[in-house]
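Here's the structure, in structure tokens; my notes come after.
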Amino acid sequence: DTEVTQTPKHLVMGMTNKKSLKCEQHMGHRAMYWYKQKAKKPPELMFVYSYEKLSINESVPSRFSPECPNSSLLNLHLHALQPEDSALYLCASSQEMRGGAFFGQGTRLTVV
Amino acid sequence: SQQGEEDPQALSIQEGENATMNCSYKTSINNLQWYRQNSGRGLVHLILIRSNEREKHSGRLRVTLDTSKKSSSLLITASRAADTASYFCASTSSGTYKYIFGTGTRLKVLA
């Protein structure tokens, strides 16, 4: 299994809603990532978990809250988002620092 | 910003022609990877080149790395319409899991 699975594929939420994005991998990778991508722009790193511990937070607003329940799962909890947070949210995993990262298909988030 | 630069920003070629994209980065790296992205969906990992390698091949793809110039290039030979996509380079610095992406090249291959 060489896949990173993200759910849901599409999400529309109001500014007062609470929702979660989910990511799962079964490749035994020890690092997992959240990226945000706006249209026609490169992905921007948000968070990195290494061995289930948060190792990098790229000064992301607290309305985004990551969680790594176990080595296969990564969640991104969303609360009180703004319309400008609408974007494609990508999850990725990698085995080691020198290895390649595998990406999921992303969740297309629209905040209304 | 630590973001790398890619050029050209957009490239339009005929099927069968070769496509070359260039990437420059800012810090010392562990490795550099190239990804393809179709229509704003997930990124597909194409090829990884380590800092001690100079050239790597995979099928119709050829990647070069020049660490003295902090640059890499991706060559797609005998392009096909299905190669139409955005291509990104991403580099990791020593001792970090941080993948930093270049600005991307939008490739259009005309049938």
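List the number of the failed condition for B:His57; all other conditions in (1) in a strand (DSSP E or B); (2) on the phi > 0 side of the Ramachandran plot hold.
(2)
Being under 20 Å from B:Ala78 (Cβ atoms) and outside any strand (DSSP E or B) is the filter here, so list the residues in region B:19-38 that pass it. Explain how you work it out, then say what you get.
Just the residues of region B:19-38 that are under 20 Å from B:Ala78 (Cβ atoms), to begin with: B:19-22, B:34, B:36, B:38.
Matches in region B:19-38: B:Asn38 only.
For region B:93-109, how many residues meet the condition of being surrounded by fewer than 20 Cβ atoms within 10 Å (Cβ to Cβ) and part of a strand (DSSP E or B)? Break it down stepwise before answering.
First pass over region B:93-109, keeping only residues surrounded by fewer than 20 Cβ atoms within 10 Å (Cβ to Cβ): B:93-96, B:98, B:103, B:106, B:108.
Those left that are additionally part of a strand (DSSP E or B): B:93, B:106, B:108.
Counting residues in region B:93-109 that are surrounded by fewer than 20 Cβ atoms within 10 Å (Cβ to Cβ) and part of a strand (DSSP E or B) gives 3.
Report every pair of residues separated by at least 6 positions or lying on different chains whose Cβ atoms are under 8 Å apart, first residue within region A:101-112 and in contact (Cβ under 8 Å) with a residue 24 or more places away in the chain, second among the charged types (D, E, K, R) and crowded, with 21+ Cβ neighbours inside 10 Å.
Every condition considered, no pair remains.
Of all the strands (runs of 3 or more DSSP E) wholly in region A:1-108, which have at least 2 residues that are of a type in the set (D, E, K, R), at negative phi and more than 8 Å from chain B (Cβ to nearest Cβ)?
Numbers: elements: A:4-7, A:10-13, A:18-25, A:31-37, A:44-50, A:53-57, A:64-70, A:73-79, A:87-94, A:101-103.
Answer list for region A:1-108: A:18-25.
Against the conditions (1) farther than 24 Å from B:Gly102 by Cα; (2) under 11 Å from the mean Cα position of the chain (by Cα), where does A:His10 fall short? Just the number, please.
Unmet for A:His10, out of (1) farther than 24 Å from B:Gly102 by Cα; (2) under 11 Å from the mean Cα position of the chain (by Cα): (2).
Out of curiosity, is B:Leu65 more than 26 Å from A:Ile56 (Cα to Cα) and crowded, with 17+ Cβ neighbours inside 10 Å? Steps first, answer last, please.
Details: more than 26 Å from A:Ile56 (Cα to Cα): yes; crowded, with 17+ Cβ neighbours inside 10 Å: yes.
Answer is yes for this residue.
Could you say which residue among B:Ser73, B:Ser79 is touching a residue at least 24 places away in the same chain (Cβ under 8 Å) and either within 12 Å of chain A (Cβ to nearest Cβ) or outside any strand (DSSP E or B) (or both)?
Numbers: B:Ser73 fails: either within 12 Å of chain A (Cβ to nearest Cβ) or outside any strand (DSSP E or B) (or both).
From the options B:Ser73, B:Ser79, the qualifying one is B:Ser79.
Just one of (1) over 21 Å from B:Lys98 (Cβ atoms); (2) surrounded by 13 or more Cβ atoms within 10 Å (Cβ to Cβ) trips up A:Glu58, so point out which.
(1)
State yes or no: is B:Arg41 of a type in the set (Lys, Arg) and assigned to a strand (DSSP E or B)? Steps first, please.
Values: of a type in the set (Lys, Arg): yes; assigned to a strand (DSSP E or B): no.
The answer is no for B:Arg41.
Determine, yes or no, whether B:Gly16 is assigned to a loop (DSSP other than H, G, I, E, B) and closer than 20 Å to A:Lys41 by Cβ. Walk me through how you get there before you give the answer.
Numbers: assigned to a loop (DSSP other than H, G, I, E, B): yes; closer than 20 Å to A:Lys41 by Cβ: no.
No, not satisfied.
Name the single residue that is nearest to the other protein chains (Cβ to nearest Cβ) among those in region B:3-55 being over 12 Å from the mean Cα position of the chain (by Cα) and among the acidic types (Asp, Glu).
B:Glu53
Every number here is computed from the coordinates shown, using simple stated rules; none is lab data. Everything quoted here is computed from the prediction, not taken from an experiment. Here the Cβ is made from the backbone with ideal geometry for all residues, glycine too, and neighbour counts use every protein chain on show.
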